[in-house]
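Reading through the structure tokens given below for one structure.
Derivation of every value follows stated rules applied to the coordinates shown; laboratory data play no part. A quick note: this is a predicted structure, and the numbers were derived from the prediction, not measured. Cβ atoms come from the backbone with ideal geometry, glycine included; neighbour counts cover every protein chain shown.
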Amino acid sequence: MTLLSGASLRPVLAAVSLSIASFATPITASAEDVVNIYSYRQPPLIEPVLTAFTAKTGIKTNVLFLDKGLEERILAEGENSPADVILAVDIARLSSIVDKGVTQPVTDEAINGKIPAEYRDPAGNWFGLTKRGRVIYASKDRVAQNEITYAELADPKWKGKICTRSGQHDYNLALISSVIAHEGPEKAESWLTGVKANLARKPEGGDRDQAKAIFAGECDIALGNTYYVGQMLTNEKEPEQKDWAGAIKVLFPDAAGNGTHVNVSGMAMAKYAPNKASALALMFFLASEEAQKIYAEKVFEYPVDPAVAPSELVANWGVLKGDSLPLVDIAKNRKAASEMVDRVAFDDGSGS
Amino acid sequence: MTAAIDTQRNLPVRAPRLARAYWLIGLIVTIAILPIVSLIIIAFQGNLDELTHVFQTVLPKALGTSAILLGLVALLTASMGVTSAWLVTTFDFPLRRALSWLLVLPIAIPPYIAAYCFVEFLHFAGPVQTLIREAFDFHTHSDYWFPDIRNVWGAGFILSLTLYPYVYMATRVVFLMQARNAADVARSLGASNARVFLKVLLPMSRPAIIAGVALALMETLNDIGASEYLGVRTLTFSIYNTWLGRGSLTGAAQLAVIMLVIVAFVLWLEVYSRRMMRYNSGRASTIKARPARIQLSRPRALLAMMATAAPVLVGFGIPVGVLLRFASKRLDQSLDPIFLSALKNSILVGVATSFLVVAVCLFLLHIGRLITGPKRWIIRLATIGYTLPGTILALGLLYVLTSLDSVLNTASRAIVGMPVGLIFSGSAFAIILVSTIRFMAVGESSLSAALSKLPANLDAAARNLGHSPIAASRDVLLPLLRPAILTSLILIFVDTVKELSSAILLRPIGFNTLATLVYENASRAAVEDGAIAALAIVAVSVVPVFILSRALAGDRP
């Protein structure tokens, strides 16, 4: 127990307090060549584009990732918040950020020129950067049809054949919100009840796990976002993911009707951004063709800029005809969707 | 005890001057309860809309799920922990010495990482099912039945595998120390092994078992990562989702208050069980000669070996194996500057928190020894942080710290004309503080347990000889408490390194710990990319756990 003898304890304590003092100093928000990003997107996914940004402008980036509670944190920090730019992966999150009053409007013709009007806030509080379709992954072996609708998911012919992640996940909430917007709450609820009755297992995991489940034969169809398929097909580190993605085909639901439900990832400028010029430079870069190409090629998302084509791999699945429902209508129904998921006990699966 | 106090009063011992100490205690307790006070304020600010919805739809089920989960964890951790402690202390069998410390290892695996690994291991495409399919020539999912661990039973099983060491450690110490002598006596009087276990060891170690189980249950209540991943909708998860999924802070705070009541009940059970009996070590530790461990017949010895090896192999071997397989393909990540800074941050936060907690606990206990009356109550209040899941505690603290920062910045703008930035909420201070508040109870319980075993007149004697109260504690009690101090430091260090939920919410921008790095990857369904960081958590925790179990061995030859 010499480890803790009084004599040796003091230098240890001194060293500890010194090292803490050195790393506990807060980031001061004044240096101009830095931009602080509060992000709902996982750092590995934004890293390629941020690296390109720093290489081009010399502006360094600091990232704080939170997958929940980001706007609450900025709100609590108030006018002392170091946040410059906020990144989010879902329209409901983007609107919630705006609703909480933690953004400021940006009117920049150069940015507006790149992003079509339907994918940005008219007031400039948020901008979409990439699109993702909420599509159906279907087993190549067991599903013959090549067309599908969301409404069909409630058809008893799929009983015990559907997999999905939690109904409370942002991506599913946005889809349910769009159904509420199109069909009204009553019809949406009976639809959701129907989908629940068809579930092969309790909602769980992420979108990749649903592809894995189809590969494993647990279910025949699943809800999933487009880009995961591209990421799985090109995963060199875990090549078995190629098998999962190889077992499925991508079906664009409602291609003949309203169009496939599309969500956006996007950006906003924080209300009290301390490095406003750098923030603007970053936002401009994220909207630029260069950055849009990186999303398309590295992350397999659809660029919002119509001038930039999706990656070849993604284009091979067919054309994404997006639902023309205004994104803000989807965001508006989020709370109703979340409560509906609870009410029909969607996440308990078909067993209950 | 009473006799000791009487002596203290009668002897010419200077009454300690405690005015300044009271101020300090007041400050510590205030800091400890601030997050909860801020939560309660938030809870009462809003209306009850959200709560009504939650009451109608989520709460009954979430309560049921949490109850099953807690019951399961209590049952499994108690049976695994007590059985293995009994086997390694009573019998002799191959590898016993090694197993007696290996059994502690699963504590180094954070539950959320264990959950990822078990799902990976037992999934259709994982090694077990692949082997089954190859062996029996099955092809698809519908050809055979395989248990699904993505439910409350699986969660209970996985959590127990990583939490039983709390029970094992607490029980084993009792089996080795006090209960040992009584057991030896009982055995010499002809009692069978089973009878000794049931009539002597089990009753004598009951407080230790319950204390260990209570810790395991608190960890279970704290868990969000594992239950979210396994699709188990516990009460904690419901709070989390109400707050951050539906953006209802007040609803979440209201649920958190309900949860506090449940936690208070668990804690009361623990205290109540201790109150039932007084446990005293007496002078048993002076016994020099002890009878040898019982030799088992060969098949029984093998059985005992397998029974004690199983929790280690499953609870530690499988997760580490899965992680190693992922990590082997990503060795380049181990030089990544982000990983290295996360490693440094985790170690520093862990070290800082453990020293801070132990220092504060020692101070509180030192004062607690000098005063009578409401002292227990005050010390209990200072440990209240453990009663809340990390997320909730962090949420409460976030509002406290940002308010402080706001005041500070307003002042600095007025005085020097520019803001000073987020001193409290935007620095590593926030993470250290939240971990300190959260793990006070861990330090307090192991230190006060050790302190209560020391005769009450020990330091009084030193004071009688002219030492000041501080000198008496420092020169007499502190050296005697060293093993307990080491235990607390290490337990708190490991807990802090594993801690995810409060770190993810309160960390400053650009600041990663190993746990947040794992989580970032897991949250985009790429657990494999967090394997190096996950292994680092295990490695950083295993080293001190190893030191601890060697130091605490106190094992007879």
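Details
- Sites listed here are chymotrypsin sites (Phe, Trp or Tyr not before Pro) in segment A:258-293 whose DSSP assignment is loop and whose Cβ has at most 11 other Cβ atoms within 10 Å, and the list is empty.
- Shape of chain B, Cα gyration tensor, a/c cut at 1.5: oblate
- For segment B:311-367 and segment B:163-202, distance of Cα centres in Å: 33
- Among A:Thr226, A:Thr103, A:Thr193, residue whose mean-square fluctuation peaks in a GNM of chain A (springs only between Cα atoms under 10 Å): A:Thr193
- Dipole of segment A:208-339, positive end: most advanced residue of A:Ala270, A:Ala247, A:Ala213 [Cβ charges, Cα centre]: A:Ala270
- Cα gyration tensor category, rounded, prolate or oblate, for segment A:306-352 with a/c compared to 1.5: oblate
- Peptide A:334-347 is shielded by partner chain Cβ atoms: per residue, an average of 4 of them sit within 10 Å of its Cβ.
- Computing FRET efficiency as 1/(1 + (r/R0)^6) for B:Ile371 and A:Leu233, where r is the C-beta to C-beta distance and R0 is 60 Å, gives about 0.30.
- R0 of 51 Å, Cβ-Cβ distance A:Thr51-B:Trp23: FRET efficiency to nearest 0.05: 0.50
- Taking a ≥ b ≥ c as the square roots of the eigenvalues of the Cα gyration tensor, an a/c ratio of 1.5 or more together with a/b no larger than b/c marks segment A:62-138 as oblate.
- Here the contact order of segment A:136-293, divided by its residue count and restricted to Cα pairs under 8 Å and six or more residues apart, works out to 32 percent.
- Each of A:Lys332 and A:Glu290 was given a label point 7 Å from its Cα along the Cα-to-Cβ line. The distance between the two points is 4.0 nm.
- Chain B: relative contact order as a whole-number percent, Cα under 8 Å and 6+ apart: 23
- Links that overshoot a 27 Å alpha carbon limit, given the list A:Lys140/B:Lys61; A:Lys131/A:Lys157; A:Lys68/B:Lys61; A:Lys202/A:Lys293: A:Lys140/B:Lys61; A:Lys131/A:Lys157; A:Lys202/A:Lys293
- The charge dipole of the protein assembly as shown, taken about the Cα centre with unit charges on the Cβ atoms of Lys, Arg (+1) and Asp, Glu (-1), comes to about 4860 debye, rounded to the nearest 20.
- Under 5 Å between amide hydrogens, built in the peptide plane, is the criterion, and for A:Tyr150 it picks out A:Asp254 among residues at least 5 positions away or on other chains.
- Note on chain B: with charges restricted to the Cβ of Lys and Arg (+1) and Asp and Glu (-1), its dipole about the Cα centre is near 2480 debye.
- Expected 222 nm ellipticity per residue - DSSP helices of 4 or more, -39500 (n - 2.57), all of chain A, to 500: -12000 deg cm²/dmol
- The simple Förster model, with R0 at 22 Å and r as the Cβ-Cβ distance, assigns B:Arg325 and B:Ala539 a FRET efficiency of 0.85.
- Along the axis of the charge dipole computed for the protein assembly as shown (Cβ charges of +1 for Lys and Arg, -1 for Asp and Glu, origin at the Cα centre), the listed residues B:His53, B:Ile262, A:Ala55 are led at the positive end by B:Ile262.
- Alpha-carbon centroids, segment A:159-201 and segment A:221-236: separation in whole Å: 21
- Computed about its Cα centre, the charge dipole of segment A:137-274 is approximately 160 debye, with only Lys, Arg, Asp and Glu carrying charge at their Cβ.
- Contact order, relative form, for chain A: 27 percent (alpha carbon pairs under 8 Å, 6 or more residues apart, mean separation divided by residue count).
- Number of partner chain Cβ atoms within 10 Å, mean per residue of B:418-430: 5
- Here the Gaussian network model covers chain A, with springs between Cα atoms less than 10 Å apart; of A:Gly128, A:Gly230, A:Gly69, A:Gly69 fluctuates the most.
- Cα→Cβ-extended label distance, 7 Å offset, between A:Lys276 and B:Gln295, nm: 8.6
- Most positive-pole-ward Cα, B:Ala382, B:Ile239, B:Ala292, against dipole of the protein assembly as shown from beta carbon charges: B:Ala292
- Segment B:526-547 and segment B:223-255 have Cα centres spaced 26 Å apart.
- Label-point separation, B:Phe138 to B:Leu381 (7 Å along Cα→Cβ), nm: 5.9
- Counting Cβ atoms of other protein chains within 10 Å of each residue's Cβ and taking the mean over peptide A:200-213 gives 4.
- The amide H of B:His123, built 1.01 Å from its N in the peptide plane, has no neighbour under 5 Å, considering only residues 5 or more places off or on other chains.
- Backbone N within segment B:518-548 under 14 Å of label point (7 Å from B:Ser334 Cα along the Cβ vector): B:531-540
- Of all the options A:Glu301, A:Glu47, A:Glu289, the one that moves most in a Gaussian network model of chain A with Cα springs shorter than 10 angstrom is A:Glu47.
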